Amino acid sequence: MLVLSRKKDESIVINNDITIVVVEIRGDKVRLGVEAPKEVPVHRREVFEAIARGEPLDAGSLAAPDSDQESTEPRPPATDAIP
């Protein structure tokens, strides 16, 4: 496993067409933004594993734990400071 250190608003690029951006750091949680082609599926591991097991997914199961619902719409990197 490659391990990289990044700060808020810094990113990594995978295969020239996928960008992972550190959007927010709050305590022990990190929010990441993923920019990838529409044909590349991107899921949190628990959602990926549920799909692999063939479990039906509803809107509630797609929500990230302890956060707002995930968005599939691209968002600009966060520029505000964490309070």
- Could you go through segment 4-14 in sequence order and give the Karplus-derived ³J(HN,Hα) for each residue, using 6.51 cos²θ - 1.76 cosθ + 1.60 with θ = phi - 60°, rounded to whole Hz, and x for Gly and Pro? 10, 9, 9, 9, 3, 6, 8, 9, 10, 10, 10
- Projected area of segment 11-57, taken from the Cα convex hull and averaged over every viewing direction, in nm²? 4.4
- Message: Can you tell me the length gained on complete extension of the stretch residue 43 to residue 1, counting 0.36 nm per residue apart and subtracting the Cα distance?
- Response: 13.2 nm
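Just so you know, all these numbers are worked out from the coordinates, no wet-lab data involved. Bear in mind the structure is a predicted one, so any value in this text is a computation, not a measurement.
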